[in-house]
Structures are given as structure tokens and as C-alpha cells.
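Notes to accompany the following structure.
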Amino acid sequence: MRIEKAEVIVTSPDRNFVTLKLTTDDGLTGLGDATLNGRELAVASYLSEHVVPLLIGRDAAQIEDTWQFLYRSAYWRRGPVTMASIAAVDMALWDIKGKAAGMPVYQLLGGASRDRMMAYGHASGKELPELFDSIRHHQELGYRSIRVQTGVPGLESIYGIASNKGLPGNEGVRYDHEPAQRGALPAQEDWDTRSYLRHVPTVFEAVRNEFGPEMPLLHDGHHRMTPLQAAKLGKSLEPYDLFWLEDCTPAENQEGLRLVRQHTTTPLAIGEIFNTVWDFQSLIKEQLIDYVRAASTHFGGISPLKKVMDYAAMYQIRSGFHGPTDISPVGFAAQLHVGLAIHNYGIQEYMQHGDKTNAVFEQAMTFADGYLHPGNKPGLGVELDTDEAGKYPYETAYLPYNRLADGTVHDW
Ligand code: KDG
Ligand code: MG
């Protein structure tokens, strides 16, 4: 079973996606997701120029050896472009192995450890009435666990608030399908951490008063706080019993998490921008986090995701894989298979793809009553319709960024 063909497919149905399609000499195909939001063409070029030529003729059954070969032989290790490229190859090879075995990938990873997987969706609103409507809408869609993002008094536009869409230059684009903004330059937003820290606890108090104590609530800090500010927020949110506080600090400063941890029992989730198992090494060993936020697509694929979760299991740390719409249906399926197989599953973020995306990627995955399942088709359970994909050429789109009142660039 040798790799005969490797194609890099860039398509932009509701947003940009980069997909690797491998074909073996016995006619099996495998898909891998290499989408890196806002830097898509860098990965497409890395794959086409430097990875595809290395794959032709390789044994498609040797997943671990191929992973190690791509990781170590380049000399330049880690980094999102490299790791998204390796992830795509790894996923495509697991897809092929599943098809060759006639089994869904989760069976090859040890079989299902549960019947279904709890998901959370993104509710948001600039003001409380709009936020409450958004929470109710997500409940109607079936979600039982909900991430709550809020506007902040005095700030015009904040990332993660759905109603910011429809602003000039972004009319008609749905936040959930495309949180990045199409156009040649990233949009500029404003930020003020002191106002945010004052306002957020009042919002969670109002949400608990309106919706009761049961519903798991999550919140994303988007790397905007210092360790001391994050400690303060975690402490002030304790009465509202969050499922997690995500990306409370920029996690490059891993020691900062020790300070946060000493001051709050609000659970912490980190790692959506991490690329390797090694990025989690101290955070897991020192039990500084509660949830691993890695995404198969940006983390080198299924193989390392399974490894980091087995390591995390030794410390009762659970999964909370990154699942925004910039993870394609292929990357999403890959982590659903891992999530179903591991014992220490926690929750899965699930922002739903739009109709055009779902027409390009045919998926076996199901979402019902707030729970996900990858389906039982052999492999990953996703096929790509190349004719549909061909209708949507790449479009430049960037995430927004922040500036403080004095003009300083801040973490978005
Ligand atoms: O590409 C960046 C997005 O995926 C990110 O903004 C989403 O923070 C995010 C989340 O938690 O989904
Ligand atoms: Mg996040």
C-alpha cells in the first residue's frame, strides 16, 4: 500500500480550508486538514513544495514512522506551519488505515470509551438581552453546555461577539461560519482589561440568575490578561461555577499559570495555539491546567493528540479540543475519533460549519441532543467533493487584532 498521489486542495466555501488528499496504489484515499487561520497559503505551499515530494512511494501503513520522518528530518522542528502540514499527513494516513481495515478510526485507537460526547457552543451578546437570546438559541439547537462571551461597556467591537458581524466591510458574514474577516488587512478592535474584569462577573451572575445553576458555562479570555489579572478573574468567577476559564493568559509564559493556580479554583483550559506535546509538558506535570485545548490540525494530527491525552490521564486532566470553524470537518472528525477512544474525554467545542462547507465535505459525524459522535464509516468518515470545492477559490481573511486606548497593540 504505497502513496501514489498527494494533492493539496485550497477551498473557501464559507471560509478558507486547506486539505491534503492522499491516494494509494490500491485506490484508497485519505484526507487530512492543514487549515491555519489567516496563514492558509503558507501551509499549502509547505505541503506542496516540501512534503508532497517526500510522500510519493512511501508505505501508507507506516503512520508513526512517517510522522517522525517529517518531524525530525526537516531539522526545523515545531511551529504552526510545520505541525499543521504534518497533521494533515498523519490524519490522511489514519483515514487510509481505517478504510483498509474496514473500521472507523476510533476502533483502531482502542475502541469507544463512551456512547457520545458532550459538546459546547458559542453564545455571545454585546448586552444582556442579546446574550440571553443567544443562549436560548443554542439551547434550541440542542447544546447543554455553553460558552458565554460578552461586550464590555465602552468598547465598540470585541472578538467573539456575533453581533459585531454585519459591521461595515463584513456585511452578511456569519460570525460562527467565519470569525476571521475577509479583506486585505485585519480589522482593528479596542480593548481595556480593567473594564473587562469589572464587567464579566456581573454578566455571569445575571446568566446564573436567568438560567439556573445546572448548565455548564465556559468563558474564553483570549490570552488578554496578565497572570495577576487572570487570578483575579478566576477568583471573581468562582461563585458562578464555571466549567472552565480558557486562555486566561498568553501561555508562552507557562510559569505565570502557577500564580493563577495559587489563587483560584476556577478550572483552566489552555493550548489551542500549542503545536506539540512538549508545549504541555510542564503544564500537565505541574497540574497547572484542567483541560487540554489542542486541536488535531495544529498539533501534528491524531498520533500526538492521543499521546498527550494519555500523558494527561496520569494527572486526571481531560480533553477540551479546539473546535472552531477554522478546524475543517476533516480535522474535526479526527479529534472526535480521539475523543471517543480516550478515557479522559472532557468536552468538545463545536461551532457549526455552514451549508456550503457541508456540501464540500460530506460527513458521517452526528450532533444530537447536545452530543457528538464521529459515525461508523471506515476511516475518518469524511469525503471531499472536488467539484464543489472548485467553486470556491481562496479569499484573503484575517482575525482582528486589538489596540489599547493609547494605541498599544494588545493580545486579541
Ligand atoms: O483561529 C482562531 C480561532 O479558532 C479562535 O479565535 C477560536 O479562541 C477560539 C476558540 O476558543 O474557539
Ligand atoms: Mg479560544
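Mind checking which residues of segment 242-279 are part of a loop (DSSP other than H, G, I, E, B), of a type in the set (Asp, Glu) and closer than 22 Å to Ile347 by Cβ? Can you show your working first?
Here is the first cut: in segment 242-279, the ones part of a loop (DSSP other than H, G, I, E, B) are 242-243, 247-255, 264-267, 271-276.
Next, from what is left, pick out any that are of a type in the set (Asp, Glu): 247, 252, 255, 272.
Listed by number, the residues that qualify are Asp247, Glu272.
Residues of segment 208-226 being without any contact (Cβ under 8 Å) to a residue 60 or more places away in the chain and surrounded by 20 or more Cβ atoms within 10 Å (Cβ to Cβ), which ones?
Gly221, Met225
Which ones in segment 208-241 are touching a strand residue (DSSP E or B) at 6+ places or on another chain (Cβ under 6 Å) and either assigned to a helix (DSSP H, G or I) or more than 16 Å from ligand 1 (Cβ to nearest atom) (or both)?
Gly234
Enumerate the pairs (first residue in segment 75-89 and under 13 Å from Asp33 (Cβ atoms); second residue anywhere and buried (at least 21 other Cβ atoms within 10 Å of the Cβ) and aromatic (Phe, Trp, Tyr)) with beta-carbon separation below 6 Å, excluding pairs fewer than 6 apart on the same chain, so at least 6 apart or on different chains.
Taking only residues 6 or more apart or on different chains, the pairs are Ser85/Tyr46.
Inside segment 201-257, can you point out the residues that are more than 18 Å from Trp191 (Cβ to Cβ) and either among the basic types (Lys, Arg) or touching a Gly at 6+ places or on another chain (Cβ under 9 Å) (or both)?
Arg208, Leu218, Lys235, Leu242, Phe243, Trp244, Ala251
Within segment 149-190, restricting attention to residues that are assigned to a loop (DSSP other than H, G, I, E, B) and among the hydroxyl-bearing types (Ser, Thr, Tyr), which residue is modelled with the lowest pLDDT?
Tyr175
Quick grid of which residues meet (1) outside the structural domain of Gln281 (by TED's automatic domain parsing); (2) polar (S, T, N, Q); (3) under 18 Å from His138 (Cβ atoms); (4) modelled with pLDDT of 95 or more:
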| residue | (1), (2), (3), (4) |
| --- | --- |
| Ser195 | no, yes, no, yes |
| Val207 | no, no, yes, yes |
| Thr226 | no, yes, no, yes |
| Asp247 | no, no, no, yes |
| Gln262 | no, yes, no, yes |
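Name the one entry in Pro324, Pro393 that is surrounded by fewer than 23 Cβ atoms within 10 Å (Cβ to Cβ), within 16 Å of ligand 2 (Cβ to nearest atom) and in contact (Cβ under 8 Å) with a residue 12 or more places away in the chain.
Of Pro324, Pro393, the one residue that is surrounded by fewer than 23 Cβ atoms within 10 Å (Cβ to Cβ), within 16 Å of ligand 2 (Cβ to nearest atom) and in contact (Cβ under 8 Å) with a residue 12 or more places away in the chain is Pro324.
So Thr266 passes all but one of these: (1) within 16 Å of ligand 2 (Cβ to nearest atom); (2) of a type in the set (S, T, N, Q); (3) under 23 Å from Tyr401 (Cβ atoms). Which condition number does it fail?
So Thr266 meets the others, but not (3).
For the subset of segment 295-339 comprising residues that are hydroxyl-bearing (Ser, Thr, Tyr) and away from ligand 1 (no atom under 16 Å from the Cβ), which member is nearest to Met91 (Cα to Cα)?
Ranking the candidates gives Ser303 first.
The values are calculated or read from the model by the stated rules, or taken from the named source; none is laboratory data. Since this is a predicted model, take the numbers as computed values, not measurements. Glycine also receives a Cβ, built like all others from the backbone with ideal geometry; neighbour counts cover every protein chain displayed.
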